[in-house]
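Structure record follows, encoded as structure tokens.
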Amino acid sequence: TRIDQWVCEKIFKDISERAGNGAKIPNISINLSGHSIVSVVFEKFLLDLTEKYQVPTNCICFEITESVAVKSISRAQKFIHNLKAVGYKFSLDDFGVGYCSFNYLNQLDVDHVKIDGSFVSAMFDDATQFATVQAITAVARTMNIITIAEFVEKPEIIKALKVIGVDCAQGYIFGKPSPIKDIYKF
């Protein structure tokens, strides 16, 4: 949790300073460790940071992995509920490779489900992978959950995802990881 605390404090402080200078704040996703998600102390830390830096919570999405969330489902539910109450968003990351159950989508009030890249990258090599992406997308759409495909690296995958109805995609075809200073536009 100390690393997650450091990352969140740095990002929140940076957002606060940039917003104060009139910069448009982009949507930012922050991956959280399993230890942080189950920690009441970390939850309080985030709520205190929110107050301290007055960050626009609707611009921040916390990403939690499916396997971590389901190990402590009741605590993860409380964590998500309490932080969504102040405006944060949540993504269920790497969906499909952990304990993959559509029932967890019912139990965890997430805004996005990130379809694991192992399915996406193999969509044209394996009909089962393609069907898995279709199934996750269909169930998520029914639940009004935004779908995000990971590991998108080829134009033909983008076209197939559009046909299937996946809402968003991420991957090297769009850009590679870069320093946070490069995402702000002045």
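The values are calculated or read from the model by the stated rules, or taken from the named source; none is laboratory data. Just so you know, these numbers come straight off a predicted model, no measurement behind them. Positions of Cβ are backbone-derived with ideal geometry, glycine not excepted, and every protein chain shown enters the neighbour counts. Surface areas here come from the heavy atoms of the whole protein model, side chains and all, with no ligands, DNA or RNA. Shrake-Rupley method; radii C 1.70, N 1.55, O 1.52, S 1.80 Å.
Quick notes on this structure:
- Residue in region 127-160 that is farthest from Leu108 (Cα to Cα), counting only those that are open to solvent by less than 70 Å² (accessible area, probe 1.4 Å) and in a loop (DSSP other than H, G, I, E, B): Val152
- Of all residues in region 141-186, those that are more than 13 Å from Val113 (Cβ to Cβ), out of contact with any Ser or Thr (no Cβ under 7 Å at 6 or more places or on another chain) and β-branched (Val, Ile, Thr) total 7.
- Some residue of region 4-22 being within 24 Å of Lys71 (Cα to Cα), open to solvent by 70 Å² or more (accessible area, probe 1.4 Å) and modelled with pLDDT of 95 or more: no
- Residue match in region 35-56 (condition: touching a helix residue (DSSP H, G or I) at 6+ places or on another chain (Cβ under 7 Å), surrounded by 13 or more Cβ atoms within 10 Å (Cβ to Cβ), small (Gly, Ala, Ser) and over 27 Å from Ser178 (Cα atoms)): no
- Screening Leu92, Leu105 for residues that are in a helix (DSSP H, G or I), within 27 Å of Thr57 (Cα to Cα), under 15 Å from the mean Cα position of the chain (by Cα) and in contact (Cβ under 8 Å) with a residue 24 or more places away in the chain leaves exactly one candidate, Leu105.
- Test: residue in region 142-150 that is touching a residue at least 40 places away in the same chain (Cβ under 8 Å) and in contact with a helix residue (DSSP H, G or I) (Cβ under 6 Å, 6 or more places away or on another chain): yes
- Close contacts from region 1-24, counting a first residue that is aliphatic (A, V, I, L, M) and a second that is part of a helix (DSSP H, G or I), with Cβ to Cβ under 8 Å and a gap of 6+ residues or different chains, come to Ile11/Ile180; Ile15/Tyr53; Ile15/Cys59.
- Among the candidates Gly87, Gly165, the residue that is open to solvent by less than 60 Å² (accessible area, probe 1.4 Å), within 20 Å of Ile37 (Cα to Cα) and at pLDDT 95 or above is uniquely Gly87.
- Here is the figure for region 108-142: residues that are of a type in the set (A, V, I, L, M, F, W, C) and within 16 Å of the chain's Cα centre (by Cα) total 6.
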